[in-house]
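*Asks:* I have a structure here, written as structure tokens, and I will follow up with some questions on it.
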Number of protein chains: 2
Amino acid sequence: MSQLFSLGRTCSRTGARAGTLTTPHGSVATPAFMPVGSQGTVKALTPDDLRTVGAGMILANAYHLHLRPGVEVIGRLGGLHNFMSWDGPILTDSGGFQVFSLGHLRRVSDKGAVFRSHIDGSEQFLTPELAIEIQEKLGADIIMAFDECPPYGDDLRIIRESMDRSHLWARRCRSSHSRDGQALFGIIHGGTSVELRRQSTAFVTELDFPGYAIGGLSLGEPKELMYSIVEETASLMPEEKPRYLMGVGSPEDLVECVACGVDLFDSALPTRLARNGAVFSRDRRLNIRNARFAVEEGPIDPDCDCSTCRDFSAAYLHHLFRCEELLAYRLATIHNLRFVMRLMEQVRQSILDDSFARFKDAFLKRYQPTDADVRAEQKQKWLEARRDRQPLD
Amino acid sequence: MSQLFSLGRTCSRTGARAGTLTTPHGSVATPAFMPVGSQGTVKALTPDDLRTVGAGMILANAYHLHLRPGVEVIGRLGGLHNFMSWDGPILTDSGGFQVFSLGHLRRVSDKGAVFRSHIDGSEQFLTPELAIEIQEKLGADIIMAFDECPPYGDDLRIIRESMDRSHLWARRCRSSHSRDGQALFGIIHGGTSVELRRQSTAFVTELDFPGYAIGGLSLGEPKELMYSIVEETASLMPEEKPRYLMGVGSPEDLVECVACGVDLFDSALPTRLARNGAVFSRDRRLNIRNARFAVEEGPIDPDCDCSTCRDFSAAYLHHLFRCEELLAYRLATIHNLRFVMRLMEQVRQSILDDSFARFKDAFLKRYQPTDADVRAEQKQKWLEARRDRQPLD
């Protein structure tokens with residue numbers, strides 16, 4: 001296949017890079033954010049909506065699609081692109097993260113992971129080889145190595161063992177992958193230890209994948225710690241290959257991590273927040289259910305060019321959320337995704353203009369991240385709600 | 001205001017009529033079906049979607065909008081059209097049907113109806129005058145008299161008392177309505193008694209409204225009985241005014257009742273069925289959750305021109321429903337509404353060509369209505385689920 005990644009301009013003052021990912025289903029200007037469509041649908045949106053918000057590549061999930069509807073079904077329907085009617089680039093996650101989010105529902109050994117399906121309780125066994133086979137059948141443009149993903153807070157010994165296992169699996173994924181026109185990315189682990197991240201970067205890049213991801217972050221660790229690990233790790237990653245930070249998607253994290261030299265991101269955060277009525281604005285995240293929006297004639301965000309802000313008042317969105325009307329989730333999702341896509345467009349343009357450092361400072365000065373405690377509490381609630389019942393997105 | 005209704009062609013073999021309703025927000029070719037958007041949103045769809053499926057006029061509900069967000073809010077936001085960003089014609093139902101669907105949550109006297117809000121349990125009092133005031137503030141193109149709607153099966157004495165009260169209220173609605181550019185329709189009652197329907201038609205038409213509705217049907221009575229009452233009633237209604245049959249929306253009922261001379265219909269059935277995974281096809285209603293759709297590459301209905309059938313396989317829709325993905329409800333709603341809109345377009349064209357009788361016979365021969373027992377059971381389940389908790393749509 002043709003060159004997957006070409007690096008365009010790099011920032012003179014930060015690690016930020018503007019490049020182009022070229023896949024069999026089209027090109028993606030980087031830095032890029034991928035909306036998450038775990039089950040073969042970005043929740044509440046059609047492919048047309050995705051194009052309208054400016055999505056380039058989207059992420060789907062091998063774990064979810066393997067369990068339902070199953071890769072045989074998707075294969076018979078012409079592969080994942082055909083199945084979901086999305087003819088743009090797709091990246092599939094291997095399912096490692098989902099399996100490990102199932103808590104006590106799984107057992108792991110070097111062979112692979114045994115777990116119970118969150119849908120019907122059936123026992124499932126996932127190995128690196130099977131994760132690759134599944135992803136080959138789904139037919140995404142980029143696929144991910146099967147990895148183990150320990151939670152933040154495990155001790156160094158556990159993180160190291162887990163990293164070693166992910167390395168073993170990365171090698172087996174590399175060996176078993178054979179589908180042409182599909183790029184397999186390796187995943188760097190090592191938790192929040194700089195030393196382990198160094199070791200992992202050395203090991204995984206030695207395997208010579210066409211692209212590399214940083215896994216095992218954005219799992220509840222302090223933001224500053226995450227930024228420093230991303231910066232350290234990215235600086236050790238090969239310059240000519242794409243760098244993908246998994247699971248990151250808050251506006252402030254995107255801007256910070258672009259500055260560290262990351263090219264690609266995914267996160268269910270913007271879409272999940274949207275369904276909860278939390279919408280982004282230039283200044284901060286807003287709760288549209290708040291009574292102050294009840295008679296707000298203007299849009300959610302006067303600076304936004306999305307169809308929700310163009311066509312509907314904040315008051316109408318407030319009403320839809322209070323009534324739990326289905327349209328609420330779609331309109332808010334369109335807004336939040338467009339917000340993130342526009343942010344990435346601005347980020348990229350500023351890198352091309354070599355004004356990214358200024359853009360970053362101005363953005364972070366203006367945008368007020370949601371209070372860390374509020375976020376931690378939200379995350380906790382979400383984890384509890386999901387525990388032992390649902391894998392993470 | 002200009003002439004509300006002009007009658008074009010009438011069928012030479014049935015009572016079917018093709019006409020045009022002209023409202024301040026545009027014209028509607030009749031016979032027409034109105035999608036239901038009780039809370040100021042046709043569930044899961046944007047106004048753009050509604051235009052795409054071919055919707056002309058839509059129905060919203062004064063009961064729902066009065067309770068939430070309240071007419072003061074909608075008034076401050078420029079009226080209902082502005083609020084929901086729909087610039088086509090709107091008809092609002094008065095709320096009578098909803099109040100009476102609340103069962104023991106309401107008390108009624110000639111003054112009006114006392115009921116408890118299904119949202120917060122607050123005591124509410126709705127009178128004919130208030131129902132008109134609410135609807136004037138909402139600003140729909142067509143509004144409805146406040147009426148009492150007894151269930152099917154009540155004895156003749158109760159139906160007569162209720163009818164007399166609806167007559168009294170119709171007169172009071174007529175007197176209190178003053179908003180220009182807004183047409184108030186009277187509603188004919190009398191249950192399934194031909195004699196009462198005759199009396200009611202005489203009384204209500206004597207009040208000289210710009211249009212008339214047939215209320216109190218499609219409440220569980222046998223279909224043949226409903227058709228005969230509609231036929232009888234319609235034949236007594238003035239020819240030059242629009243005739244609206246409330247709450248009817250199954251494909252077979254639409255075709256049958258057009259033949260009786262009805263011009264306008266509304267029903268939550270096509271949209272509610274869609275959200276349950278029941279989708280229309282040329283031959284019958286299908287349950288998309290059925291296993292036989294799991295690998296069906298073709299669309300739900302090969303004859304359909306909707307965006308769902310154009311872009312997605314039945315297998316994908318099956319998957320979305322099995323996963324309870326939000327997109328499922330929207331795609332199925334688009335399909336069912338487009339099915340009904342296209343049916344009405346075909347019906348109208350056949351009236352204009354004077355081939356309606358043939359169209360009707362061919363349609364009814366081919367289309368297999370859902371078995372009466374299945375429907376009765378579904379309706380019962382739905383009524384039970386809603387009883388004392390939610391008003392009907």
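*Asks:* Only one of these is modelled with pLDDT of 95 or more, within 14 Å of another protein chain (Cβ to nearest Cβ) and part of a loop (DSSP other than H, G, I, E, B): A:Arg310, A:Arg330, A:Arg289. Name it.
*Replies:* On the way: A:Arg310 fails: part of a loop (DSSP other than H, G, I, E, B); A:Arg330 fails: part of a loop (DSSP other than H, G, I, E, B).
Step by step, each of A:Arg310, A:Arg330, A:Arg289 is checked, and only A:Arg289 is modelled with pLDDT of 95 or more, within 14 Å of another protein chain (Cβ to nearest Cβ) and part of a loop (DSSP other than H, G, I, E, B).
*Asks:* Is it the case, given these coordinates, that A:Asp301 is in the same structural domain as A:Met34 (by TED's automatic domain parsing) and assigned to a loop (DSSP other than H, G, I, E, B)?
*Replies:* For A:Asp301, the condition - in the same structural domain as A:Met34 (by TED's automatic domain parsing) and assigned to a loop (DSSP other than H, G, I, E, B) - is not met.
*Asks:* So which residues in segment B:246-258 are part of a loop (DSSP other than H, G, I, E, B) and of a type in the set (A, V, I, L, M)? Steps first, please.
*Replies:* Residues of segment B:246-258 part of a loop (DSSP other than H, G, I, E, B): B:246-250.
Correct list: B:Met246, B:Val248.
*Asks:* Related question: Going by what's in this entry, would B:Val99 be described as within 14 Å of chain A (Cβ to nearest Cβ), aliphatic (A, V, I, L, M) and in contact with a helix residue (DSSP H, G or I) (Cβ under 8 Å, 6 or more places away or on another chain)?
*Replies:* Judged against the criteria, B:Val99 is not a match.
*Asks:* Condition test on A:Glu345, is it surrounded by fewer than 19 Cβ atoms within 10 Å (Cβ to Cβ), at pLDDT 95 or above and either of a type in the set (Val, Ile, Thr) or outside any loop (DSSP other than H, G, I, E, B) (or both)? Even if it seems obvious, please write down each step before you answer.
*Replies:* On the way: surrounded by fewer than 19 Cβ atoms within 10 Å (Cβ to Cβ): yes; at pLDDT 95 or above: yes; either of a type in the set (Val, Ile, Thr) or outside any loop (DSSP other than H, G, I, E, B) (or both): yes.
Against the criterion (surrounded by fewer than 19 Cβ atoms within 10 Å (Cβ to Cβ), at pLDDT 95 or above and either of a type in the set (Val, Ile, Thr) or outside any loop (DSSP other than H, G, I, E, B) (or both)), A:Glu345 qualifies.
Yes or no, residue by residue, for (1) in the same structural domain as B:Asn61 (by TED's automatic domain parsing); (2) modelled with pLDDT of 95 or more; (3) within 30 Å of B:Asp87 (Cβ to Cβ):
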{"position": "B:Glu136", "(1), (2), (3)": "yes, yes, yes"}
{"position": "B:Cys149", "(1), (2), (3)": "yes, no, no"}
{"position": "B:Tyr152", "(1), (2), (3)": "yes, no, no"}
{"position": "B:Arg160", "(1), (2), (3)": "yes, yes, no"}
{"position": "B:Ser176", "(1), (2), (3)": "yes, yes, yes"}
{"position": "B:Ala183", "(1), (2), (3)": "yes, yes, yes"}
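*Asks:* Being more than 14 Å from every other protein chain (Cβ to nearest Cβ), part of a loop (DSSP other than H, G, I, E, B), modelled with pLDDT under 95 and closer than 24 Å to A:Gln135 by Cβ, is that true of even one residue in segment A:3-15? So that I can check it myself, show each step before the final result.
*Replies:* So the first thing to find is which residues in segment A:3-15 are more than 14 Å from every other protein chain (Cβ to nearest Cβ), and the list is A:3-15.
From what is left, the residues that are part of a loop (DSSP other than H, G, I, E, B) are A:3-4, A:11-15.
Narrowing the set further to residues that are modelled with pLDDT under 95 leaves A:3.
With the extra rule that they be closer than 24 Å to A:Gln135 by Cβ, the set shrinks to A:3.
There is at least one residue in segment A:3-15 that is more than 14 Å from every other protein chain (Cβ to nearest Cβ), part of a loop (DSSP other than H, G, I, E, B), modelled with pLDDT under 95 and closer than 24 Å to A:Gln135 by Cβ.
*Asks:* With the requirement that a residue be within 23 Å of B:Arg322 (Cα to Cα) and not in a helix (DSSP H, G or I), what does segment A:102-124 give you? Break it down stepwise before answering.
*Replies:* Filtering segment A:102-124 for residues within 23 Å of B:Arg322 (Cα to Cα) gives A:102, A:105, A:115-124.
The answer is A:Leu102, A:Phe115, A:Arg116, A:Ser117, A:His118, A:Ile119, A:Asp120, A:Gly121, A:Ser122, A:Glu123, A:Gln124.
*Asks:* Something else about it: Quick check on my filter: what residues within segment A:229-246 are surrounded by 22 or more Cβ atoms within 10 Å (Cβ to Cβ) and either closer than 17 Å to A:Thr370 by Cβ or among the polar types (S, T, N, Q) (or both)?
*Replies:* Result: A:Thr233, single match.
*Asks:* Out of segment B:17-61, which residues are within 14 Å of chain A (Cβ to nearest Cβ) and part of a loop (DSSP other than H, G, I, E, B)?
*Replies:* Selection gives B:Pro35, B:Gly37, B:Ser38, B:Gln39, B:Gly40, B:Thr41, B:Val42, B:Lys43, B:Ala44, B:Leu45, B:Thr46.
*Asks:* B:Ala202 - would you say it is small (Gly, Ala, Ser), assigned by TED's automatic domain parsing to the domain that holds B:Thr14 and buried (at least 23 other Cβ atoms within 10 Å of the Cβ)?
*Replies:* No, not satisfied.
*Asks:* While we're on this one: Is it fair to say A:Arg338 is more than 11 Å from every other protein chain (Cβ to nearest Cβ), in contact (Cβ under 8 Å) with a residue 40 or more places away in the chain and in a loop (DSSP other than H, G, I, E, B)?
*Replies:* Details: more than 11 Å from every other protein chain (Cβ to nearest Cβ): yes; in contact (Cβ under 8 Å) with a residue 40 or more places away in the chain: yes; in a loop (DSSP other than H, G, I, E, B): no.
Taking the combined requirement at face value, the residue does not satisfy it.
*Asks:* Hey, does segment B:323-334 have a residue that's within 21 Å of B:Ala32 (Cα to Cα), within 16 Å of the chain's Cα centre (by Cα) and crowded, with 22+ Cβ neighbours inside 10 Å?
*Replies:* Within segment B:323-334, the subset within 21 Å of B:Ala32 (Cα to Cα) is B:332-334.
If we keep only those that are within 16 Å of the chain's Cα centre (by Cα) as well, we get B:333.
Next, only the ones that are crowded, with 22+ Cβ neighbours inside 10 Å stay: B:333.
Yes, segment B:323-334 contains at least one residue that is within 21 Å of B:Ala32 (Cα to Cα), within 16 Å of the chain's Cα centre (by Cα) and crowded, with 22+ Cβ neighbours inside 10 Å.
*Asks:* Sticking with this one: So, in segment A:67-80, how many residues would count as being touching a strand residue (DSSP E or B) at 6+ places or on another chain (Cβ under 8 Å) and either at positive phi or more than 12 Å from chain B (Cβ to nearest Cβ) (or both)?
*Replies:* Quick first cut of segment A:67-80, residues touching a strand residue (DSSP E or B) at 6+ places or on another chain (Cβ under 8 Å) only: A:67, A:80.
Restricting the remaining residues to those that are either at positive phi or more than 12 Å from chain B (Cβ to nearest Cβ) (or both) gives none.
So the answer is 0.
*Asks:* What do you reckon, is A:Phe33 touching a Cys at 6+ places or on another chain (Cβ under 7 Å) and among the hydrophobic types (A, V, I, L, M, F, W, C)? Walk me through it before giving the result.
*Replies:* Working: touching a Cys at 6+ places or on another chain (Cβ under 7 Å): no; among the hydrophobic types (A, V, I, L, M, F, W, C): yes.
The answer is no for A:Phe33.
*Asks:* Same structure again: Output yes when any residue across segment A:197-217 is of a type in the set (Gly, Ala, Ser), free of Cβ contacts under 8 Å to residues at least 60 places away in the same chain and touching a His at 6+ places or on another chain (Cβ under 6 Å), and no when none is.
*Replies:* Initially, segment A:197-217 is screened for residues of a type in the set (Gly, Ala, Ser), giving A:200, A:202, A:211, A:213, A:215-216.
Of the ones still in play, those that are also free of Cβ contacts under 8 Å to residues at least 60 places away in the same chain are A:200, A:202.
Imposing the further condition that a residue be touching a His at 6+ places or on another chain (Cβ under 6 Å) reduces the set to A:200.
Within segment A:197-217, one or more residues are of a type in the set (Gly, Ala, Ser), free of Cβ contacts under 8 Å to residues at least 60 places away in the same chain and touching a His at 6+ places or on another chain (Cβ under 6 Å).
*Asks:* So, of the residues in segment A:313-327 that are part of a helix (DSSP H, G or I) and more than 9 Å from chain B (Cβ to nearest Cβ), which turns out to be farthest from B:Thr41 (Cα to Cα)? Break it down into steps so the answer makes sense when it comes.
*Replies:* In the first step, residues of segment A:313-327 are kept if they are part of a helix (DSSP H, G or I); the result is A:314-322, A:326-327.
After this cut, where a residue has to be more than 9 Å from chain B (Cβ to nearest Cβ) as well, the list is A:314, A:317, A:321.
Working: A:Ala314: 15, A:Leu317: 11, A:Phe321: 12 Å.
Within segment A:313-327, the match that is farthest from B:Thr41 (Cα to Cα) is A:Ala314.
*Asks:* Within segment B:87-132, restricting attention to residues that are touching a residue at least 60 places away in the same chain (Cβ under 8 Å) and surrounded by fewer than 18 Cβ atoms within 10 Å (Cβ to Cβ), which residue is farthest from B:Cys149 (Cα to Cα)?
*Replies:* B:Asp87
*Asks:* Among the residues of segment B:259-286, count how many are aliphatic (A, V, I, L, M), within 17 Å of B:Pro35 (Cα to Cα) and either modelled with pLDDT under 95 or not in a loop (DSSP other than H, G, I, E, B) (or both). Please lay out each step first, then the result.
*Replies:* Initial filter on segment B:259-286 (aliphatic (A, V, I, L, M)): B:259, B:262, B:264, B:268-269, B:273-274, B:278-279, B:286.
Subset that is within 17 Å of B:Pro35 (Cα to Cα): B:262, B:264, B:268-269, B:273-274, B:278-279.
The next check asks that each one be either modelled with pLDDT under 95 or not in a loop (DSSP other than H, G, I, E, B) (or both); those that pass are B:264, B:269, B:273-274, B:278-279.
Of the residues in segment B:259-286, 6 are aliphatic (A, V, I, L, M), within 17 Å of B:Pro35 (Cα to Cα) and either modelled with pLDDT under 95 or not in a loop (DSSP other than H, G, I, E, B) (or both).
*Asks:* Let me ask something else. Suppose we filter A:Asp283, A:Asp303 for residues that are surrounded by fewer than 17 Cβ atoms within 10 Å (Cβ to Cβ), away from chain B (no Cβ under 14 Å), over 23 Å from B:Asp48 (Cβ atoms) and touching a residue at least 12 places away in the same chain (Cβ under 8 Å); which single one remains?
*Replies:* Values: A:Asp303 fails: over 23 Å from B:Asp48 (Cβ atoms).
Going through A:Asp283, A:Asp303 in turn, the sole match is A:Asp283.
*Asks:* Further, regarding this structure: Kindly evaluate B:Ile351 against the criterion of being surrounded by 18 or more Cβ atoms within 10 Å (Cβ to Cβ), away from chain A (no Cβ under 14 Å) and β-branched (Val, Ile, Thr). Steps first, answer last, please.
*Replies:* Details: surrounded by 18 or more Cβ atoms within 10 Å (Cβ to Cβ): yes; away from chain A (no Cβ under 14 Å): yes; β-branched (Val, Ile, Thr): yes.
Criteria met by B:Ile351.
*Asks:* More than 23 Å from the chain's Cα centre (by Cα), of a type outside the set (Gly, Ala, Ser), part of a loop (DSSP other than H, G, I, E, B) and within 19 Å of A:Leu254 (Cα to Cα): is that true of A:Asp354 in this structure?
*Replies:* Numbers: more than 23 Å from the chain's Cα centre (by Cα): yes; of a type outside the set (Gly, Ala, Ser): yes; part of a loop (DSSP other than H, G, I, E, B): yes; within 19 Å of A:Leu254 (Cα to Cα): yes.
Answer is yes for this residue.
*Asks:* To continue, here is another question. Do we find that A:Pro89 is closer than 30 Å to B:Gly298 by Cα and more than 13 Å from chain B (Cβ to nearest Cβ) in this structure? Walk me through how you get there before you give the answer.
*Replies:* On the way: closer than 30 Å to B:Gly298 by Cα: yes; more than 13 Å from chain B (Cβ to nearest Cβ): yes.
Spelling it out, A:Pro89 is indeed closer than 30 Å to B:Gly298 by Cα and more than 13 Å from chain B (Cβ to nearest Cβ).
The values are calculated or read from the model by the stated rules, or taken from the named source; none is laboratory data. This structure is a prediction, so every number in the text was calculated from the model and none was measured. Note that each Cβ is placed from the backbone with ideal geometry, even for glycine, and that neighbours are counted across all protein chains shown.
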